[in-house]
Ligand SMILES: [Zn+2]
Ligand SMILES: [Zn+2]
């Protein structure tokens, strides 16, 4: 089996996590996870429930030069589809729409492991999951911008207040009060 990305080397077996053997490329250091290997390994993890949203989104990660290169499945020659993992240094995971095999460029398996996504890679290819991640990241950057503008203390109080008001049946009443105080400067 030839490497789908650099097409130079024959892939060879390598254990990348206990109990999971991938097809490793010694040239580009990427790895192919045949669907059956991956599924068997996942089944051994028992009743693992994948996280709804990946945690620790800001891990540092040295992306491979081959990351954005289109490739064909080394098993059935279909074009691999790509799913973006939007961490600070975003990268793409490739997956064959036919056989379900997965390609990780150099460092990507380790990054997925750190993100807690290595046991649910196929979910990255679901639009709904990508939407959830997008929403979560929007919230995160909104929070960061708020802290930058207001300072940590005031931002924390604001977040707590916003949560309370969102829950409260008369939250809008408090909001109108804040508008008068803050925007119209009415005493
Ligand atoms: Zn290669
Ligand atoms: Zn395939």
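The values are calculated or read from the model by the stated rules, or taken from the named source; none is laboratory data. Since we're looking at a predicted model, the values are computed, not measured. Glycine gets a Cβ as well: all are built from the backbone with ideal geometry, and neighbour counts include every protein chain shown.
Remarks
- For segment 138-149, the criterion of a residue being in a helix (DSSP H, G or I) and touching a residue at least 40 places away in the same chain (Cβ under 8 Å) is satisfied by at least one position.
- Checked across segment 1-12, the condition of being under 21 Å from residue 126 (Cβ atoms), at pLDDT 95 or above and within 16 Å of ligand 2 (Cβ to nearest atom) holds for no residue.
Residues are listed down the side, and each one gets a yes or a no for (1) more than 14 Å from residue 33 (Cα to Cα); (2) away from ligand 2 (no atom under 16 Å from the Cβ); (3) touching a strand residue (DSSP E or B) at 6+ places or on another chain (Cβ under 9 Å); (4) at pLDDT 95 or above:
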position: 78; (1), (2), (3), (4): yes, no, yes, yes
position: 83; (1), (2), (3), (4): yes, no, yes, no
position: 86; (1), (2), (3), (4): yes, yes, no, no
position: 91; (1), (2), (3), (4): yes, yes, yes, no
position: 96; (1), (2), (3), (4): no, no, yes, yes
position: 100; (1), (2), (3), (4): no, no, no, yes
position: 120; (1), (2), (3), (4): no, yes, no, no
position: 131; (1), (2), (3), (4): yes, yes, no, no
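- Hits in segment 1-21 - residues which are assigned to a loop (DSSP other than H, G, I, E, B) and either within 16 Å of ligand 1 (Cβ to nearest atom) or surrounded by 13 or more Cβ atoms within 10 Å (Cβ to Cβ) (or both): 1, 3, 4, 5, 6, 7, 8, 9, 11
- Taken over segment 31-58, residues that are assigned to a loop (DSSP other than H, G, I, E, B) and modelled with pLDDT under 95 amount to 14.
- The single condition among (1) part of a helix (DSSP H, G or I); (2) closer than 30 Å to residue 24 by Cα that residue 180 does not satisfy is (2).
- Residue match in segment 101-118 (condition: at negative phi, assigned to a strand (DSSP E or B), in the same structural domain as residue 32 (by TED's automatic domain parsing) and in contact with a helix residue (DSSP H, G or I) (Cβ under 6 Å, 6 or more places away or on another chain)): yes
- Subset tally (residues that are away from ligand 1 (no atom under 16 Å from the Cβ) and within 10 Å of the chain's Cα centre (by Cα)) for segment 92-117: 5
- Residue among 97, 169 that alone is assigned by TED's automatic domain parsing to the domain that holds residue 39, out of contact with any helix residue (DSSP H, G or I) (no Cβ under 8 Å at 6 or more places or on another chain) and part of a loop (DSSP other than H, G, I, E, B): 97
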